[in-house]
Amino acid sequence: MLPPRLIRRLVLAPLVVVLAAGFIVLSPFLALLALVAGLWVVSGFGGRLRTEPYQSRHYAVIRRFLEVLYGGAERTYGLRVEVDEPELTGDELASRLIRPVIVLSRHAGPGDSFLLVHQLLSVYHRRPRVVMKAALQFDPSVDILGNRLPNVWIKGRQTGERIFTEQIGRLARGLDDRGALVIFPEGGNWTPGRWRRGIRRLEQAGRQDLAERARDMPNLLPPRPGGALTAISACPAADVIFVAHAGLDNIVTIGDVWGKFPVNQLIRARWWRVASDHVPRSADHETQVQWLYDWWERIDAWITENRPGDPARPAVAPLPAEETAGPSGD
């Protein structure tokens, strides 16, 4: 039975507009899901997904998807990104082409992850393997693609468990000349509580020296060296790239990518490459930890100098005695 004209005009017509707008917004994700479903079918219903040709096709899908998102952010939000990289000398170009890399980045939510992976895929032409939070699998596209590629999913309350460092070591050992292993040593986004708990954790472990260094890094959580040093040891041929960035600190969840993405804001990033023969792999563990903290202090100083508007982060009060020292990456 045909609804009355008033109902058709007041209800059905706006509903069509809403559905059309929703389809336009979701079309990149629908296209992505259609592509990965198609790859699953033609791979013999998943039987050949781990083979080289299908791994290459999945990386191509991710690269194209991120290029679409990146272009959309440029048009919609006026996104501008400046990446200060090592000078493109002959040695630098050769390093980009012939050696695997381990990327150690500060963490400020999914926004930095997307931009970092986009840079690795589209500029460096690398195949990134990422150590990331298991909660990101709530996003269907991240869940499907992320589990078809060699990644490690970290559960928030199990960041210190040995099983994860073993998985990270296995990923690092499997890196080829096109490979890149991405690790966020902080284990989570910066918050005042996590910053204080990270310092308290070091104090309770008897590392007053590292706690003092962490207090002098107000922009970052103290790095957890386990996964990073395991990866560095497992892949002796790899260069190490340290990444700092400023401008995405308010992007904490996947939803924030759409709801809080900065408008007309310049996002700055800085990449430092440490050649494989300059990484202190042969040094003892303590020397390696101090080396990692040295780099984290450099990243913290860079963030202070390059944060949009250059606002200094407010001083953070000491951790109250009654507050428990949970993991800094929870």
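What residue among Phe138, Ala73, Ala94 has its Cα farthest toward the positive end of the dipole of the range 54-142, where the charges are +1 on Lys, Arg and -1 on Asp, Glu, each on the Cβ?
With unit charges placed on the Cβ atoms, the residue in question is Phe138.
Over the range 147-241, what percent of the accessible surface lies on carbon and sulfur atoms, probe 1.4 Å?
48 percent
Over the range 76-215, consider all pairs of different Cα atoms and compute the Kirkwood hydrodynamic radius from their mean reciprocal separation; express it in Å, one decimal.
That comes to 17.1 Å for the range 76-215.
I need the Kirkwood Rh of the range 137-202: take the reciprocal of the average 1/r across all distinct C-alpha pairs and report it in angstrom.
Its Kirkwood hydrodynamic radius stands at 14.0 Å.
How much accessible area per residue does the range 99-245 have, counting only protein heavy atoms and a probe of 1.4 Å, in square angstrom?
Here the per-residue accessible area is 36 Å².
List the residues, sorted by chain then number, that are 5 or more residues from Val152 or on another chain and whose placed amide H is less than 5 Å from its amide H.
The answer is Val130, Val131, Met132.
Give or take rounding to whole Å, what are the principal axis extents of the alpha carbon atoms in the range 158-250, in descending order?
Largest to smallest, the principal-axis extents are 38, 33, 23 Å.
Please get the size of the charge dipole for the range 78-218, origin at its Cα centre, with Cβ charges of +1 on Lys and Arg and -1 on Asp and Glu, quoted in debye to the nearest 20.
Computed about the Cα centre, the dipole is about 700 debye.
The values are calculated or read from the model by the stated rules, or taken from the named source; none is laboratory data. Only a predicted model underlies this, so the values are computations on that prediction, with no experimental measurement involved. Heads up, the Cβs are rebuilt from the backbone with ideal geometry, glycines too, and the neighbour counts pull from every protein chain shown. For accessibility, only protein heavy atoms count, side chains too; no ligands or nucleic acids. Shrake-Rupley method; radii C 1.70, N 1.55, O 1.52, S 1.80 Å.
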